[in-house]
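See below for the structure under consideration.
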Amino acid sequence: MPDNTSAGRSGAPAQATRVKKSSSLAKRNFQKLVKNKMAIIGFILIAVILIMCILAPLFTKWDPKKVTLSEKSKAPSAKHILGTDNLGRDVFSRILYGGRISILIGLTGSLGGVIIGCILGCIAGYYGGWFDAIFLRISEVVQAVPQILLVLVLVTVMKRSLANLFIIFIATGWVGTYRLVRGRFFSLREESYVESSRAFGISDRSIMFRHILPNTLGPIIVIFTLNTAGFILQEAALSYLGLGVPADIPTWGNILNAAREVSTVTRSPWIWLSPGITISLFVLGINFFGDGLRDVFDPNQL
Amino acid sequence: MNENDYVLSIKDLKTHFAVGSRTVRAVDGVTLDVARGKTMGLVGESGCGKSVTAASIMQILPKAGKIVEGEVIFRSKGKEPVDLSKLKRTDKQMRDIRGKDIAMIFQDPMSSLNPVYRIGDQICENILQHEKVSKDEAMNRTIEMLGKLGIPKPEDRVKNYPHEFSGGMRQRVMIAMGMICNPEVLIADEPTTALDVTIQAQILELMKKIQQEYGTTIVLITHNMGIVADMADNIAVMYMGKIVEFGTKEQIFLTPAHPYTKALLKSVPVLGAGDGKRLTSIRGSTPDPSEMPEGCAFAPRCDFCLGDKCNEAPPYLDIGDGHMVRCWLCEGGVKK
Amino acid sequence: MLKYFIKRVLSLIPMLLVISILIFILLDLTPGDPLTHFMSPDLIASMSTEQLDDMREAYGLNDPAPVRYLRWLGNILKGDLGRSISNGAPISQIFANLLPSTLKLSLAALVISTVLGLLFGILAAIYQDSIIDYICSIFGIIGISFPEFFVGICFIQIFAIKLGWFPAQGRVGDGLSWFQNLRYIVLPSCALGFSLTAALMRYARSSMLEVLNKDYIKTAWSKGLSARRVYMKHAFRNALMPIVLVICLRLPMLVGGSVVIETVFSYSGIGQKLVDSINAKDYTVVMMVTLVLTAITLLASVLLDLLTAALDPRMRLDSKRSE
């Protein structure tokens, strides 16, 4: 029976081989992803829009917040590529700068939700007991209420601000990851390799993070991608309703808010078509890429 | 033996699968004559193409599979012989034959029965598809058949769902479904593999009884030499899509000619063979079916390989009394 | 079957209780005079401070929270859903006016999505790799990427304004004939169901493909059944079950989506009322709408759950087992 010291020493080469094996699996997955044409198209869509938004000053000279009433609702021209909105602000620059916020909201909301869901799921899945019972109930309640109602209720009670929106999205978005991780833990912890690891004295935390979690990473990444898309759409819907991000901060949804009047819809289609199409293309890209990821990590899953 | 004594004559059947950019030659030139009223055992390892051969006969290949060459002559009693390989899956003629003249039972009765319908309805469906009888009469015949196959209280059990039966009972239900229209040929694809050993024996006895009573020709597909020794009159040994040896039970078991057959027989553990004796296994592993060599497919694993000679495809020779072997060792018609 | 039904309905009760408690707490936390929850603003304005204090006592507003919660809950169960803060109108009446329209809209969207989604998804599976399959995949992924309100606006622009086939706004009125009512619902329900159709199409396709690979389909073919029988009787029935589950899971999104779509089309339903109430800080209405819509969603998912049980004999508890 190896004692602690030799286990420490023999741990190093064992880990080296393990690292090598996992990198070849990662390489194979990567190759599979790259072969998927739709996934590549999706990635390009995401990358192009993202880069344009981050490097916004390079693409437009107009200030997205500057109100110039003399220029309001002008059709697309050489001066304003995508025209101006009903307050004279350049639509193209609003889309670029607004994209920063919209994408940021989507990413952070999703990331926050995934991280929290992961941690809670790990604890619940591994230890079970009352922790799991409580959080399972909570997750059921959160899932039962239509998400937009949840968000609307919280928006009503809290002040409208960017930070609050983050909090609200994270609070409603952790459920999916939680249930996934928890489920995986439940099914995997009964596996014999976990029992034998425990018998060898490996700590619980080590088992959790080194063995079970890497197996779950795949679906988690897929959820993260799809949630980002979902949150971007949600933010857009909220801002369209006038209940999301405060009106002075440009986001894709805020621009569409102008389309609440039928006159804008008919007379100034560029105001709502451009952000609408931009959102659709970006989310499309995410969905293409997410589908590709899903194929890589689990072709059988839905 | 004249032609009519063979209910099925398969000649040089080739079934290929398109998998991505590769072609898998699952069945690569199978020639087989199935004697009427007898049991033909089709043996081989997993993946050698036995099930695909059966599926080709029945024309129930998955979308990626296609018969590219060869013929499957079916000589039904009192009808014109017909080449099944030229019919399509949905042709009326093929559908009339399937289930009625040629029936098939599968390996896992739990997954082979539709879980949402009662078993009585599933069996009746077979009758009603092929014969113009009333629903009541179909149900009566179903109950009668189930009783004959050893299911207690069949009149009650017809109303049950597949998950309400044990494994052995489910396989009897499958056999009932196959036999209900009294087919001339019953193809059984690994019928006992998914069952407990004691139940296996019961099912095999049942099949023997059926053959005695109805005169059905049975094609028994299996990888288990023990079953074949018990049940089969004739045996065909398959390897990588080709028949490598064919003969009567006695010829195969007592005087095997092909090295693969010999290795198969040696690898079957024998009770009381002596303590400490190691099980012989065939060295190497089955090659990738999409990258098969042109010559003898068994050559890399063969202990008697003749070297370069075996890079050419060996001929299918008769070495006496209808005992066929595909091997260069038997060139000249003489067993070496 | 009956046992299962009762069990499911009973499991709803604790969930609804928890949700109602949360809603009550949130309602309590909202700013403003709680008296406005019970009396119309005109009435409040007309009273003196002492009279208002008396009213507070009368309404038990000084009692501890649990007591007030139980009273509130009791009122709801009796049918009194409180009053709107903005104009004192009884909320139950608001619901009576507006809820049916919303339900009609959601139901129409559900029916359209299910029919179209199933139809094309299954065809795509049967004719895999054909042009139908290709179109379905494209539409499937586009459908779930477009924001619902954007789809709605596009529909208005194309079908109402440019082509004039349907009215751009309005709702199911009482004075209109049945056919005229239909015209008002078509565009909003199609917009609402757009992404659900796409999702169902994708799901139906993969569910059907999975079923078509199963062994019992091989058995069905081997019985010489016609293609139609194999697909419709044997495959479809099995493919349906997970699809119903997916519909169940997406019901909350349908309800949520109606909030947005009603705003886009100025369709007077409970969703639009919700948005207006949020802007008007009409907390009682907001909370009550959330509670009721959640309850309806939960009920609908229980009904769908029962449908799944009806479809799958393995779930039925009253059939006899062998041995």
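The values are calculated or read from the model by the stated rules, or taken from the named source; none is laboratory data. Since this is a predicted model, take the numbers as computed values, not measurements. In this analysis, Cβ positions are derived from the backbone assuming ideal geometry, glycine residues included, and neighbour counts consider all displayed protein chains.
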- Task: Looking only at the stretch B:120-146, count how many residues are among the β-branched types (Val, Ile, Thr) and away from chain C (no Cβ under 11 Å).
- Result: 3
- Can you name the number of the only condition in (1) closer than 20 Å to B:Gly49 by Cβ; (2) in contact with a helix residue (DSSP H, G or I) (Cβ under 9 Å, 6 or more places away or on another chain); (3) free of Cβ contacts under 8 Å to residues at least 60 places away in the same chain that B:Ile235 fails? (3)
- Residue identified as closer than 26 Å to B:Leu8 by Cβ, of a type outside the set (A, V, I, L, M, F, W, C) and more than 11 Å from chain C (Cβ to nearest Cβ) among B:Arg172, B:Arg98: B:Arg172
- A careful count of residues in the stretch B:147-157 that are within 13 Å of chain C (Cβ to nearest Cβ) and either surrounded by 18 or more Cβ atoms within 10 Å (Cβ to Cβ) or in a helix (DSSP H, G or I) (or both) gives 4
- Scanning for something in contact with a strand residue (DSSP E or B) (Cβ under 7 Å, 6 or more places away or on another chain), among the acidic types (Asp, Glu) and farther than 27 Å from B:Ala313 by Cα, does the stretch B:227-235 turn up at least one residue? yes
- Message: Quick test for you: out of C:Ala204, C:Ala239, pick the one residue that is of a type in the set (Gly, Ala, Ser), buried (at least 22 other Cβ atoms within 10 Å of the Cβ) and within 19 Å of C:Ala309 (Cβ to Cβ).
- Response: C:Ala239
- Note on the stretch B:239-265: residues of a type in the set (Asp, Glu) and free of Cβ contacts under 8 Å to residues at least 40 places away in the same chain are B:Glu250
- Note on the structure: Screening C:Leu22, C:Leu27 for residues that are without any contact (Cβ under 8 Å) to a residue 24 or more places away in the chain, on the phi < 0 side of the Ramachandran plot and within 14 Å of another protein chain (Cβ to nearest Cβ) leaves only C:Leu22
- Query: Out of curiosity, is A:Gly201 surrounded by fewer than 16 Cβ atoms within 10 Å (Cβ to Cβ) and either within 26 Å of C:Lys273 (Cα to Cα) or modelled with pLDDT of 75 or more (or both)?
  - Reply: yes
- Message: So if I check each of B:Val34, B:Val68, B:Val72, which one is touching a helix residue (DSSP H, G or I) at 6+ places or on another chain (Cβ under 6 Å) and in a strand (DSSP E or B)?
- Response: B:Val72
- Note on the structure: Within the stretch C:270-319, of all residues that are of a type in the set (Asp, Glu) and under 28 Å from A:Leu241 (Cβ atoms), the one surrounded by the most Cβ atoms within 10 Å (Cβ to Cβ) is C:Asp282
- Note on the structure: By residue number, the members of the stretch C:208-225 that are surrounded by fewer than 19 Cβ atoms within 10 Å (Cβ to Cβ) and within 7 Å of another protein chain (Cβ to nearest Cβ) are C:Lys214, C:Asp215
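Yes/no per residue for (1) facing another protein chain (nearest Cβ under 10 Å); (2) outside any loop (DSSP other than H, G, I, E, B); (3) basic (Lys, Arg):
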{"site": "C:Leu118", "(1), (2), (3)": "no, yes, no"}
{"site": "C:Ala124", "(1), (2), (3)": "no, yes, no"}
{"site": "C:Phe139", "(1), (2), (3)": "no, yes, no"}
{"site": "C:Ile158", "(1), (2), (3)": "no, yes, no"}
{"site": "C:Ile161", "(1), (2), (3)": "yes, yes, no"}
{"site": "C:Pro167", "(1), (2), (3)": "no, no, no"}
- Query: Are any residues in the stretch C:55-88 part of a loop (DSSP other than H, G, I, E, B) and in contact (Cβ under 8 Å) with a residue 12 or more places away in the chain, and if so, which ones?
  - Reply: C:Tyr59, C:Leu61, C:Gly79, C:Asp80, C:Leu81, C:Gly82, C:Ser84, C:Ile85, C:Ser86, C:Asn87, C:Gly88
- Selected residue (only one of A:Gly125, A:Gly121 is assigned to a helix (DSSP H, G or I), at pLDDT 80 or above and farther than 22 Å from C:Leu16 by Cβ): A:Gly121
- Item | Qualifying positions in the stretch A:56-88 - out of contact with any Leu (no Cβ under 6 Å at 6 or more places or on another chain) and on the phi > 0 side of the Ramachandran plot | A:Ser73, A:Gly83
- Note on the structure: Per the filter on the stretch A:34-58, residues under 18 Å from the mean Cα position of the chain (by Cα) and within 17 Å of A:Ser274 (Cα to Cα) are A:Leu45, A:Ile46, A:Val48, A:Ile49, A:Leu50, A:Cys53
- Message: When the residues of the stretch A:62-102 are narrowed to those that are surrounded by fewer than 23 Cβ atoms within 10 Å (Cβ to Cβ), part of a helix (DSSP H, G or I) and of a type in the set (A, V, I, L, M), which ends up farthest from the chain's Cα centre (by Cα)?
- Response: A:Leu69
- Message: Checking the structure you have, find out if any residue of the stretch C:242-258 is in contact (Cβ under 8 Å) with a residue 60 or more places away in the chain, aliphatic (A, V, I, L, M), within 8 Å of chain A (Cβ to nearest Cβ) and farther than 20 Å from C:Met201 by Cβ.
- Response: yes
- Out of the residues in the stretch B:47-89 that are among the charged types (D, E, K, R) and closer than 25 Å to B:Met292 by Cα, state the one that is modelled with the lowest pLDDT. B:Lys63
- Task: Kindly indicate whether C:Ala96 is surrounded by fewer than 19 Cβ atoms within 10 Å (Cβ to Cβ) and not β-branched (Val, Ile, Thr).
- Result: yes
- Query: Does B:Ile119 qualify as being in contact with a Pro (Cβ under 7 Å, 6 or more places away or on another chain), farther than 21 Å from C:Leu212 by Cβ and in contact (Cβ under 8 Å) with a residue 24 or more places away in the chain?
  - Reply: yes
- Task: Could you please find all residues in the stretch C:137-162 being among the hydroxyl-bearing types (Ser, Thr, Tyr) and buried (at least 19 other Cβ atoms within 10 Å of the Cβ)?
- Result: C:Ser145
- Item | Any chance A:Ile271 is modelled with pLDDT of 80 or more, within 11 Å of another protein chain (Cβ to nearest Cβ), at negative phi and surrounded by fewer than 21 Cβ atoms within 10 Å (Cβ to Cβ) | no
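A:Arg294: at pLDDT below 85, closer than 17 Å to C:Phe149 by Cα, surrounded by 16 or more Cβ atoms within 10 Å (Cβ to Cβ) and not small (Gly, Ala, Ser), yes or no?
So A:Arg294 does not fit the description; no.
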- Query: Scanning for something more than 10 Å from chain A (Cβ to nearest Cβ), touching a residue at least 24 places away in the same chain (Cβ under 8 Å), under 29 Å from B:Leu128 (Cα atoms) and among the charged types (D, E, K, R), does the stretch C:264-286 turn up at least one residue?
  - Reply: no
- Query: Right, A:Phe209: within 24 Å of A:Leu104 (Cβ to Cβ), of a type in the set (Phe, Trp, Tyr) and more than 10 Å from every other protein chain (Cβ to nearest Cβ) or not?
  - Reply: no
- Message: So for the stretch B:230-241 (the condition being acidic (Asp, Glu) and within 30 Å of B:Asn182 (Cα to Cα)), does at least one residue qualify?
- Response: yes
